[in-house]
Amino acid sequence: MARSMVYVVDDDRYVLASVESLLASEGYEVATFSSPDGFMAGKRPDVPACLVLDVRLRGASGLEFQRELHRARIAIPIIFLTGHGDVPMSVAAMKAGAIEFLTKPFRDQDLLDAVRHGIELDRHRRSNEAQLVVLRQRYEAMTPREREILPLVVSGQMNKQIAFSLSLSEVTVKVHRAQIMQKMQARSLIELVRIADRLAADAARI
Amino acid sequence: MLRPAAADAVAGVHEGQGRVSDEIDDALGAPAQFPLVHSPTRGRWLIAAVLLSLLIVIGFALTMPFARLSTGRSELLLPAYAAGIFLLELMTAVLLIALFNLRRSPALLLLSSGYLFSALLVPAWVLSFPGVFAPFGIELGLQFTAAIAAARRIGFPLFVLAYALAPRTAPLTLAPGRSIVAAVFLVMACVAFIMVVVFLNRPGLPSLMMDARNVGPLWHMVPAATLVLYGLAIVILLTRHRSQLDIWVALVVFSLTIELLLISYLGGGVRLSVGWWAGRTYGLLAASIVLMVLLVESIHVYGRLAQTVAAERRARRGQMTAVEALSASIAHEINQPLTSMITNANAGLRWLLKDEPRLDRAQAALRHIVEDGHRASSIVTGIRSMFTKGRQERTELEMNALVEAAVQAARSEALQEFIEVRDVFAPHLPTVVGNAAQLGHVMRNLIENAVDSVRSGRGWPRRVIIRTWVGEGDEVRVSVEDNGPGIAPEVADRLFDPFVTTKAGGMGMGLMFCRAVVEAHGGRLWATSEDGGAAFHFSLPSVMFAGHDQG
C-alpha cells in the first residue's frame with residue numbers, strides 16, 4: 001500500500017483521539033488537529049490524502065473552512081462529520097465537493113469506506129494531474145504552426161483539406177502531421193484525439 | 001461543555017402560555033395605553049381643545065349681528081337636524097358604555113346615561129315641534145315641545161355634574177354587565193316617565209311658549225337655570241381635571257353654553273332665527289365632540305394593540321427557537337461522548353483482531369471509552385441537576401480550592417496552544433456556601449471563554465489570569481482576565497442574554513447560565529472590557545457564622 005495521509009479536524013479532543021485510533025488500526029497514517037488553523041499551519045507531505053472534518057467547529061465552521069480550502073486551491077477530498085443530520089447543510093457540503101457526510105455517531109465501516117474512497121479519488125486526481133503536466137509539456141514543445149494544424153487533424157480533416165484551408169502544400173502538412181504525432185507521442189490518430197480532448201478539457205477547466 | 005442555563009428558557013415557555021390575553025388586557029387596560037380616561041390632557045390634545053374653543057368663540061362673535069334675522073319656513077330642516085343629534089348622542093352613549101365595560105369607572109356610566117337621556121328625548125321633541133309633522137296629524141300642543149326641551153336642557157348638565165363629581169375608580173356593587181342594563185333601564189324609565197307626565201298634563205302645563213315661534217316670560221327661567229348648571233359643570237371639570245375626557249366634556253358644555261346664549265338671548269328666544277339655527281349648529285358640534293375623540297382614541301388603541309400582539313407573536317417565536325436550540329444543544333453534548341465511545345470500541349476491536357494484535361492500543365481505546373462514559377454521565381447529571389429545582393445541595397466551600405481545580409482542568413489543554421493559565425489567590429479567603437458542582441461549572445465556563453477569546457486574539461504572550469480576593473463586606477470575589485480582543489460594544493449590552501454568542505459554534509448559553517448560578521447564590525456576575533482584553537468578575541457573599549449545611 002502506497003503511503004497516504006488522513007487529516008482529522010475536530011474540536012472535541014476525545015472524538016479526535018477515537019477517530020485517530022480507528023484509522024490507525026486500519027494502517028492509515030493520521031494527523032489530528034483541533035482547529036482548521038492547525039491544519040493550515042501544519043506540513044502536508046505530497047501524498048494522496050483526505051480530510052475528515054467536523055462541521056461544528058469553534059472559530060470558523062467546517063463549511064467555511066471548506067470554502068477557504070477551495071479558495072486556497074487546496075484540492076483534498078473532504079469527509080464531513082456532523083452532530084445532527086442537517087439536510088440543507090449536507091446538501092451544501094456535497095455541492096461544494098464533499099465526498100461524504102456522516103452523522104455522529106457513525107458506523108466505523110462507513111468512515112473507513114469513505115476514507116478509502118477519498119484517498120483513491122485523491123490518488124486518481126494526482127496521477128491525472130501528473131499526466132496532464134506531461135501532456136502540457138509536450139504540447140508546449142510544438143511549433144505554432146503545428147499547434148494550428150493539431151485541431152484540424154483531430155477533427156478528422158484530410159491532409160488535402162488542411163493544406164487547402166491553410167494555403168500550404170500537401171507535403172508540408174504531411175511533415176507537420178508526422179511531427180505532431182511524434183511530439184505528442186501518439187501512436188495512432190485515435191490516441192492523438194484522446195490526448196487533444198484531455199488537453200481541451202483541462203484548458204476549459206482552468 | 002454543557003450550557004444548562006436554558007432550563008429557564010423552558011420554564012419561560014410554559015409560563016408564557018396565557019400571555020397573549022394578558023397582553024391584550026394590558027393594551028386596553030393600562031393607563032399608559034388608554035390615556036383618554038386616566039391621564040390629564042397634555043400636549044397636542046390640549047392645544048386642539050383650546051383651538052376648538054377659540055373657533056367656537058369666533059363663530060359666536062360672527063353670528064351675533066345677524067342673530068335675530070328670521071329664516072322663513074326653515075323648520076323643514078328640523079327632522080334632519082334631529083336625526084343627526086339623535087344618532088350622534090346615541091353612538092356616543094354606546095361607545096361610552098363600551099368604555100365603561102372595560103374601565104369599570106362609574107363616572108363613565110353616568111356620562112353615557114346623560115347622552116342616552118338626551119338622545120331619547122330628541123324624537124319626542126322633533127315630533128311635537130310646531131308645524132313640522134303637522135301634515136301627519138301630529139299636534140301635541142305648544143307647551144309639550146317646550147317642556148320636553150326644558151327637561152332635555154336641564155337634564156344633561158345634571159348628568160355631566162354627576163360625572164364630574166363621581167369617583168373614577170370605585171368598586172362596583174353590580175357586575176359591569178348588570179350595571180349597564182340597570183343604567184339603560186333607569187334612563188329609559190326616566191324618559192318615559194317625563195313624557196307620560198308631560199303628555200297627560202298637557203292642558204295644565206305652564207305656558208312656556210307664547211306662540212309657535214316666540215317664548216313666553218316663564219321660559220327664561222330654563223336657560224338661566226341651565227347656564228348656572230353649565231357654568232358649575234365647566235368649573236368643576238376644569239378644576240378637578242382628572243382625565244383628558246374631562247377637558248372634552250368641558251368643551252361640550254362650553255359649546256352647549258354658546259348654543260344656549262345664541263338661542264335664548266341673542267336670538268331673542270325666537271325660534272328658527274339665524275341665532276337659533278347657529279345655536280343648533282353648536283348643539284350638533286357639542287354632540288359630536290366626545291364621539292370624535294372616542295373614535296380617534298379607539299383607533300389609536302387598536303393600533304397599539306396590533307403592535308403588542310405582533311410583538312408578542314415575535315417573542316413567542318423566539319421562545320420556540322430557544323427550546324429547539326436547547327434540545328439541539330443537549331443532543332450535541334450527549335452525542336459527542338457517544339461518538340467517541342462507539343468509535344473507540346470499534347477501533348479497539350480492530351486492534352485486537354489484527355494479525356498481530358496491538359494490546360496497548362486496544363487498552364488505550366478501552367480506557368478512553370471509560371472516560372467518555374464518565375463524561376456522558378456527568379452531562380446527564382448536569383442536566384438533571386438543572387431541571388430539579390431546589391434540590392441543589394449546598395455546602396461550605398473554599399473558593400480557592402474550587403477555582404484551583406477548574407484551573408488545573410483547563411491548564412494542560414490551554415498550554416498546548418501556548419496559552420498560560422495563571423492563578424493569583426488571596427491567602428485567607430472567607431468561606432462561602434454554595435453548590436460545588438454548579439460553581440465549578442461557572443468557573444470552567446468562564447475559563448473556557450477566556451481561553452477561546454485569547455485564542456482568537458493577537459495578544460502576546462497569550463495568557464488568562466484568575467484572581468481571588470476579598471471584596472467589600474467580606475464578599476469573595478473571583479475574576480477571570482484575558483488578553484484577547486475584548487468585548488465588542490455591540491455585544492456588551494446583551495452579553496448575558498441567551499443565544500448571544502460571538503463563537504461560530506457557540507450556543508450562547510454559557511454566560512446566561514453562569515449569571516443565573518451566581519445570582520442564585522446571592523452574588524453578582526459582571527464583565528469589563530478594555531483594549532487589552534476582557535475580564536469577567538463574580539462575587540459571592542461569605543458566611544459569617546460557619547454552620548451546618550443549608551441544603
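Each value in this text was obtained by applying a stated rule to the coordinates, not by laboratory testing. Model, not experiment: these values are computed from the prediction. Reconstructed Cβ throughout: ideal geometry from the backbone, glycine too, with neighbour counts over all protein chains shown.
The lysine pair tally for the protein assembly as shown, using Cα distances under 26 Å and a gap of 8 or more places or different chains, is 7.
Computed from backbone phi, the HN-Hα couplings of the stretch A:36-52 come to x, 4, x, 5, 5, 6, x, 7, 10, x, 7, 9, x, 8, 8, 10, 9 Hz, rounded to whole numbers (Karplus: 6.51 cos²θ - 1.76 cosθ + 1.60, θ = phi - 60°; Gly and Pro given as x). Taking the number of Cβ atoms within 10 Å of each Cβ as an exposure proxy, the fewest-first ranking of B:F254, B:F133 is B:F133, B:F254. Footprinting exposure proxy ranking of A:D197, B:D355, A:D108, fewest other C-beta atoms within 10 angstrom first, gives B:D355, A:D197, A:D108.
Here the 3J(HN,Hα) profile of the stretch B:414-421, calculated from phi with Karplus coefficients 6.51, -1.76 and 1.60 at θ = phi - 60°, is 5, 4, 4, 9, 6, 10, 8, 10 Hz, Gly and Pro shown as x. Across the stretch A:163-172, rounded Karplus estimates of 3J(HN,Hα) from the backbone phi angles (6.51 cos²θ - 1.76 cosθ + 1.60, θ = phi - 60°) give 4, 5, 6, 9, 6, 10, 7, 5, 5, 4 Hz, Gly and Pro being marked x. Taken about its Cα centre, the stretch A:127-206 carries a charge dipole of about 120 debye when Lys and Arg each add +1 at the Cβ and Asp and Glu each add -1 at the Cβ. Which one, B:Y115, B:F199, B:P176, is farthest towards the positive end of the dipole of the stretch B:82-206 when Lys and Arg carry +1 and Asp and Glu -1 on their Cβ? The Cα lying farthest towards the positive end belongs to B:P176.
Annotation: the residues B:W276, B:W219, sorted from fewest to most other C-beta atoms within 10 Å of their own C-beta, follow the order B:W219, B:W276. For the protein assembly as shown, the residue among B:A331, A:S165, B:L397 whose Cα projects farthest onto the positive side of the dipole built from Cβ charges is A:S165. In this structure, the amide hydrogen of B:V476, modeled 1.01 Å from its nitrogen in the peptide plane, lies closer than 5 angstrom to those of B:G471, B:L540, B:S542, counting only residues at least 5 positions away or on a different chain.
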